[in-house]
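For reference, the structure discussed in these notes is given below.
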Amino acid sequence: MTSFIERVVRSKLTVWAAIVLPGLWPAWPFFVTDDSAALTDPLKFVLHHWGLVGCVLLAAVLTFSPLRILFPRSAVARALNRHRRLVGVAAFAYGLLHFVAHTRHVYDGTFETFTKEIGKPFQLAGLGALLILLVLTVTSLNAVVRRMGARAWKNLHRLAYVAAALAAWHQADARKVFPLQVVWIFGPVVLLQIARHWRERRTPGG
């Protein structure tokens, strides 16, 4: 059973399906069922959904490395780590789609509206997360990795945790009531990181 799961997880087709299909989900309430929540403001529905998918993918990719360290003999954990670059780039892509959709939703063509929106703390947090993910996406190219060197590249890509913190803040501060989904999305990342550091401290030479 474990070998079957490992083969499924290792498959790029599986990963591409897991990345693309959630992004197509908004088509369901528009074309298959009459969902009043989606049809009342379609663009707002889509931008929220793309932002959610981007956060989930970002959180997911940050669990891959801790899982590999916590379960070094797990073939599934090793298979997941084969897809870190793809999932990370996908998180940026959904974040960019979210940003573009949001801009279309609020921008009325005036500079005043743009500066008013971008000046909100949650907007700045979201934009900061997106810019970090842009840098990490560009530096994921093999040529850039070789040019930077492994140590510098690894240190730079630790900014993914900063991006996750900013994304969580963006998601939480955008609402008047703290959304529990922030805990469900980013809580496992925090717990796995704590377990990872505990494991490394207990391991000789860790």
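The values are calculated or read from the model by the stated rules, or taken from the named source; none is laboratory data. The structure displayed is predicted, hence computed values, not measured ones. Here Cβ is always computed from backbone atoms with ideal geometry, including for glycine, and neighbour counts include all displayed protein chains.
When the range 1-60 is filtered for residues that are modelled with pLDDT of 85 or more and of a type in the set (Phe, Trp, Tyr), the ones remaining, listed by number, are 16, 50.
For (1) part of a loop (DSSP other than H, G, I, E, B); (2) surrounded by fewer than 12 Cβ atoms within 10 Å (Cβ to Cβ); (3) over 16 Å from the mean Cα position of the chain (by Cα), each residue gets a yes or a no:
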residue	(1), (2), (3)
134	no, no, no
137	no, no, no
147	no, yes, yes
185	no, no, no
200	no, no, yes
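Take the residues in the range 117-152 that are of a type in the set (Ser, Thr, Tyr) and either in contact with a Gly (Cβ under 7 Å, 6 or more places away or on another chain) or in contact (Cβ under 8 Å) with a residue 24 or more places away in the chain (or both), then tell me which one is farthest from residue 105 (Cα to Cα). Once the filter is applied, the top-ranked residue is 140.
Within the range 1-28, residues that are within 17 Å of residue 77 (Cα to Cα) and of a type in the set (A, V, I, L, M) sit with their Cβ atoms under 6 Å from residues that are outside any helix (DSSP H, G or I) and at pLDDT 85 or above, at 6+ positions apart or across chains, in these pairs: 15/83. The single condition among (1) of a type in the set (A, V, I, L, M, F, W, C); (2) within 15 Å of residue 196 (Cα to Cα); (3) modelled with pLDDT under 95 that residue 75 does not meet is (2).
As a summary of the residue check, residue 175 satisfies the conditions (1) in a loop (DSSP other than H, G, I, E, B); (2) touching a Pro at 6+ places or on another chain (Cβ under 9 Å) except for the one numbered (2).
When the range 5-21 is filtered for residues that are among the polar types (S, T, N, Q) and under 22 Å from residue 50 (Cβ atoms), only 14 remains.
Does residue 129 satisfy the criteria of being of a type in the set (Gly, Ala, Ser), closer than 20 Å to residue 62 by Cα, modelled with pLDDT of 95 or more and touching a His at 6+ places or on another chain (Cβ under 8 Å)?
Working: of a type in the set (Gly, Ala, Ser): yes; closer than 20 Å to residue 62 by Cα: yes; modelled with pLDDT of 95 or more: yes; touching a His at 6+ places or on another chain (Cβ under 8 Å): yes.
The answer is yes for residue 129.
Name, by its number, the condition in (1) surrounded by 11 or more Cβ atoms within 10 Å (Cβ to Cβ); (2) part of a helix (DSSP H, G or I); (3) not acidic (Asp, Glu) that does not hold for residue 151. Tallying (1) surrounded by 11 or more Cβ atoms within 10 Å (Cβ to Cβ); (2) part of a helix (DSSP H, G or I); (3) not acidic (Asp, Glu), residue 151 fails exactly one: (1).
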